[in-house]
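Quick note: the coordinates plus some simple rules give every number you see, no bench work behind them. Keep in mind that what you see is a predicted model, and the values were worked out from it rather than measured. Using ideal geometry, Cβ is built from the backbone for each residue, glycine included, and neighbour counts are taken over all protein chains shown.
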Amino acid sequence: MLSTVLIANRGEIALRVVRACREAGIRSVVVYSTADRDSAAVRCADVSVHIGPPPARASYLNIPAVIEAARATGADAIHPGYGFLSEDPDFAEICAAHGITFIGPPPEVMQRLGDKSEARAAMAEAGLPVLPGSAGPLASAGEAAETAARIGYPVILKAVAGGGGRGMQVVRDPDRLAAAYAETRAHARAVFGDERVYMERFVDRARHVEVQVLCDAYGAGVHLGERDCSVQRRHQKLIEEAPAPGLAPHVREAMCDAALRGARAVGYVGAGTFEFVVSPEQEFHLMEVNCRLQVEHPVTEMVTGIDIVQQQLRIAAGEPLALRQEDVTVRGSAIECRVNAEDPARDFVPTPGTLDEFVPPGGPFVRVDTHAHPGWRIGPDYDSLLAKTIAWAPDRDQARTRADRALAELRVEGRGVHTTAAFLRHVMSHPEFTAATHDTGLVAKVLAADGDTSPERQEKTERTPCSSTLPALTAAPAPTLSEPAATAPAAH
């Protein structure tokens, strides 16, 4: 059994892991930057350790500081959450060298799957369908042109070390390819420190569907069904749902089986996600494998009743997987909306500021994962995710209605602070979304066609949190902890 878990992350995911640890009877340690000193995760953790100033490279990406915090607090495991160090095989190796369990797959598996071109090759060898593309990283613009001519336009250029929807560029015109290749390499070098780029055929009108898997260290594994993540802006997910609507049963079964086959082929351990692109004809091809907990894991938890973070903790502790595939049952439908502190009326620019009011929605079968509270300062140093609202219902239509109602109840007030809540409601009301005929181009289509996204409309919608038939909401006092969090000496 694990005794103490250090959470090397921040925001809502840090709080999510703290809660899972508390329910499992595991002592939790949260590291934090100066900007997060008063965060909800720090307040709820058993121990908190200051590890540096706000810039991530000086705090959450500062491996020596994280390791020293773990050693100083007696942590025998580190949960990396998502982002930051979650898919860094070097960090996983350093944890092992210090006798600390990394809650994730083995470093060698992470290394193999983190290289997107190598992951393609490994999955193809395991029999998974992959899109036509380059055999490996492209050596030059000339090779990119030859590959594109062979597989056909449109194509998509991807950073080998990319992730989280970054480092991608679609090219439809051969005259644009050389410039796009240079731009993608430069972006990859600046963001990931690795300029290598590979190419795949781009599927128009595609859906983005992913499969959640859990595997233990003894060769056992299950899938928890699939999620549809097709509502995206610039490859960044905005709305996710489970199960994926409209998939033929044989396609769903084949995709889930393929994900498990791929996981077993590389010796995967822990929670992982196999992401697929699905054509209008429902042909599916693997895009990539994410070796970490996904932002959208709550929709799977809502339809299966399985706590994925608890499963991560048990697998990391060396327990055999207690689940069998027949134990996994998907019931109803769940929809997750990512509410960001961004202004859709100004091209989704982040809007930092202090929250004067924050009242999350409630009601039956509504879950809100958030670290926000009145007085919380949204800073410019981190991702703008403010809250995730997840709604469950017996069927998709009711889940969509409930998700819309939840977003309508959300109250966020602060000088200069805007959110995407009204825009997400707008997207969910689109005929293609309601009919479940949408694809990854829906958001671009909404933005191009909708002439009513002015600042005036945005302000009016955001300040009308619910219909006149719903009672007014009032903020409840902030909860207090029965056991205040202790603070360990700062790590250096």
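Numbers at a glance
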| quantity | calculated |
| --- | --- |
| Charge context of Gln282, other residues only, Cβ under 11 angstrom, K/R +1, D/E -1 | 0 |
| Burial ordering of Trp392, Trp376, fewest other beta-carbon atoms within 10 Å first | Trp376, Trp392 |
| q = 0.11, 0.12, 0.26 Å⁻¹, the range 184-246: log10 I(q)/I(0) [Debye, one scatterer per Cα] | -0.45, -0.53, -1.01 |
| Normalised per residue, the volume of the convex hull around the Cα set of the range 293-345 (Å³) | 91 Å³ |
| Per residue, the convex hull volume that the Cα atoms of the range 207-462 enclose (Å³) | 130 Å³ |
| Helix-only [θ]222 nm of the chain, DSSP H runs n ≥ 4, -39500 (n - 2.57) each, per residue, nearest 500 | -10000 deg cm²/dmol |
| Loop sites in the range 205-293: chymotrypsin sites (Phe, Trp or Tyr not before Pro), DSSP, at most 12 other Cβ within 10 Å | Tyr218 |
| Per-residue Cβ neighbour rank within 10 angstrom, fewest leading, Asp173, Asp356 | Asp173, Asp356 |
| Cα-based radius of gyration of the chain once divided by 2.2 N^0.38 Å, which approximates compact folds | 0.95 |
| Alpha-carbon Debye profile of the range 235-361, log10 I(q)/I(0) at 0.09, 0.13 Å⁻¹ | -0.36, -0.71 |
| Exposure proxy order (Cβ contacts within 10 Å, fewest to most) of Val295, Val330 | Val330, Val295 |
| Chain lengthening between Glu319 and Asp38 when straightened (0.36 nm per residue, less Cα-Cα) | 97.7 nm |
| Expected-Rg normalisation [2.2 N^0.38 Å, Cα atoms] applied to the range 4-103 | 0.93 |
| The range 98-234 - Rg over Rh from alpha carbon coordinates, Kirkwood radius | 1.00 |
| FRET efficiency for Arg377 and Ala435, using Cβ-Cβ distance with R0 set to 45 Å, rounded to 0.05 | 0.65 |
| At 1.002 mPa s and 20 °C, Stokes diffusion of the range 57-165 via Kirkwood alpha-carbon radius, µm² per second | 132 µm²/s |
| Over the range 132-201, equivalent-ellipsoid semi-axes from the Cα gyration tensor in Å | 18, 11, 11 |
| Alpha-carbon centroids, the range 11-55 and the range 84-141: separation in whole Å | 28 Å |
